[in-house]
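Worksheet: one structure, shown below.
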Amino acid sequence: MSIRMIIVILTAIFLSVSAAAWAALASWEIEGSQALESRNYPLALRIYQRAAKQGEVKSSYHIGLVYAFQEDWKKKMFWWLKGAEEGDSIAQFEVAQIFLGPETSGMGFVPQDYVQAYKWYELAAKDPSGPFAKDGIEGRDMAAAHMTPAQIKQAQALVRKWKPMAVTTVEDEYDTAVKKYAPGKLPVEAYAEQVFKHRNDWAVGGGLVNIDSFKKTDGQKSSMFGVDYYTLEYEAVVSFPKGTNEPCIRWGNSGLSLYNEWGEGGFHECGLSNFNISPSGQPVRVTGTVRFKKTENGWRSGK
């Protein structure tokens, strides 16, 4: 799907929004749109991530939009699905469209799933302030036409059970961990795990890496120039649900890193966004340390 096609689709969506709704756009939406229009993607991401930290429900959809403009469909899908789970009806409708026809939507890596399409269409239609009250019902009925009675019953049960998730970021979880664990006698495993996630927030927050397990293997106290330190050793298992380019991944004590390399055809970029190489990356066991410093505000560790 080209950027031109994305703009056409978005224009169709925006035309369905009333003038009053346009006037009610939040400042972060306007600033982000201006950044997108000028193709300043790093700025747009910062604006939308700041909105996410403030709990704005539509922020995840907009983050996904940045990746859509860059034609990074896997990241787009992750953030739009996250937005759908958080209760954004626009994200719900877009996700339903993808599940209904992954190939026609340019998202062929997503398995066609009429049950999920039915669920998200129905939820998008239920938003009284959303633009998809009619289109959501029509989409739901289109999905239902391909479903068995048992599948429709399953989808309806998913709709009834659904509850919106809180809008969260990796940084929010880290800040909560600092408040909870920093005052303790010694840093605990759960604190170190949040530091580990925070070090890799770009990958964990983007849904590119799962932390399957994390455990403390040892811990040592030390002192230098009157300052107390605590070094916690850990072992973690991580997996890559979105696929990886294995040769480009390197784990160090500071976290996950990616680098460029020479390959067939010359110099090219490696990274977790190169999904065609390994559709389902194998879990990787990593070890490392987190060093905490005792301060007047408790135990702290830099990112």
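Here, each number is a calculation from the coordinates, and none is a lab measurement. The structure displayed is predicted, hence computed values, not measured ones. When we count neighbours, we look across all protein chains shown, and the Cβ atoms used for this are built from the backbone with ideal geometry, even at glycine.
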Seminar exercise, completed: Subtracting the Cα-Cα distance of MET165 and VAL227 from 0.36 nm times their residue separation yields 18.2 nm
Exercise. So who's got an amide H within less than 5 Å of the one on ASP228, skipping anything under 5 residues away but keeping other chains? H placed 1.01 Å off N, in plane.
Worked result: LYS294
For this session: Set the Förster distance to 25 Å, then compute FRET efficiency between GLU296 and SER239 from the Cβ-Cβ distance, nearest 0.05.
Result: 0.05
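Quote the charge dipole size of region 61-161 about the Cα centre in Debye, to the nearest 20; the model charges only the Cβ of Lys and Arg (+1) and of Asp and Glu (-1).
320
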Exercise. Can you give the net charge of the other residues whose Cβ lies under 12 Å from the Cβ of LEU43, counting K and R as +1 and D and E as -1?
Worked result: +1
For this session: Would you pull out the residues with amide H under 5 Å of GLY219's amide H, same chain only if 5 or more places away, H placed 1.01 Å from N?
Result: GLU233
Exercise. Which pairs, out of LYS82/LYS216; LYS82/LYS161; LYS180/LYS221; LYS74/LYS216, put more than 26 Å between their alpha-carbon atoms?
Worked result: LYS82/LYS216; LYS74/LYS216
For this session: Kindly put LYS197, LYS126 in sequence by how many other C-beta atoms sit within 10 Å of each C-beta, fewest to most.
Result: LYS126, LYS197
Exercise. At a Förster radius of 41 Å, what calculated FRET efficiency corresponds to the Cβ-Cβ distance of GLN154 and TYR41, to the nearest 0.05?
Worked result: 0.60
Problem set entry | Summed residue charge, Cβ within 14 Å of GLU31's Cβ, Lys/Arg positive, Asp/Glu negative | 0
